[in-house]
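J.: The structure is given below, and queries will be raised subsequently.
The values are calculated or read from the model by the stated rules, or taken from the named source; none is laboratory data. Just so it is clear, the structure is predicted and the values come from calculations on it, not from any experiment. Every residue, glycine as well, gets a Cβ built from its backbone with ideal geometry; the counts of neighbours run over all protein chains shown.
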């Protein structure tokens, strides 16, 4: 069974400033090395129940997935479930002691993934162990890019 994966970063900005960036899932392609584009169905604002099409890429391999926002708590958490493999991706925000924010990204597969997902990972993405190691590396890159984006904003401490 695949493992739950998680990594965190502390950002020098309050949760509201981090939330303004991380909750804009349409921008995920700017940060994630695997999810290259997110298309919001209906084009409206992100909220619980929002449906999306995600375009993923590894090297020359490109594949779409569909997801739905399952949790949306401003300044606290946003999560979405991928239909094809049942994975839940989430970002949790916690105030840090220094006035910053601890941002944690998690891939939750507590309820397992689909058989087709296992077969495709084995056949095209190097197997479960390599795929999960690549996901953790990508999660760290994603959080580093979000951190850089938030911290470059001039009004981050006053947000």
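J.: Check residue 27 against each of (1) without any contact (Cβ under 8 Å) to a residue 12 or more places away in the chain; (2) farther than 20 Å from residue 139 by Cα; (3) in contact with a helix residue (DSSP H, G or I) (Cβ under 8 Å, 6 or more places away or on another chain) and name the one condition it does not meet.
T.: (2)
J.: Do we find a residue being modelled with pLDDT of 95 or more, crowded, with 20+ Cβ neighbours inside 10 Å and part of a strand (DSSP E or B) anywhere in the range 16-34?
T.: no
J.: Of all the residues that make up the range 44-58, how many are out of contact with any helix residue (DSSP H, G or I) (no Cβ under 9 Å at 6 or more places or on another chain) and assigned to a strand (DSSP E or B)?
T.: Residues in the range 44-58 being out of contact with any helix residue (DSSP H, G or I) (no Cβ under 9 Å at 6 or more places or on another chain) and assigned to a strand (DSSP E or B): 4 in total.
J.: Between residues in the range 133-153 that are without any contact (Cβ under 8 Å) to a residue 12 or more places away in the chain and residues that are in a helix (DSSP H, G or I) and surrounded by 14 or more Cβ atoms within 10 Å (Cβ to Cβ), which pairs lie under 6 Å by C-beta distance while being six or more apart or on different chains?
T.: none
J.: Something else now. Kindly indicate which of 50, 7 is on the phi < 0 side of the Ramachandran plot, surrounded by 15 or more Cβ atoms within 10 Å (Cβ to Cβ) and without any contact (Cβ under 8 Å) to a residue 60 or more places away in the chain.
T.: Exactly one residue qualifies, and that residue is 50.
J.: Sticking with this one: So which residues in the range 51-95 are in contact with a strand residue (DSSP E or B) (Cβ under 7 Å, 6 or more places away or on another chain) and under 17 Å from residue 20 (Cβ atoms), if there are any at all?
T.: 69, 72, 75, 76, 77, 78, 91, 92, 93, 94, 95
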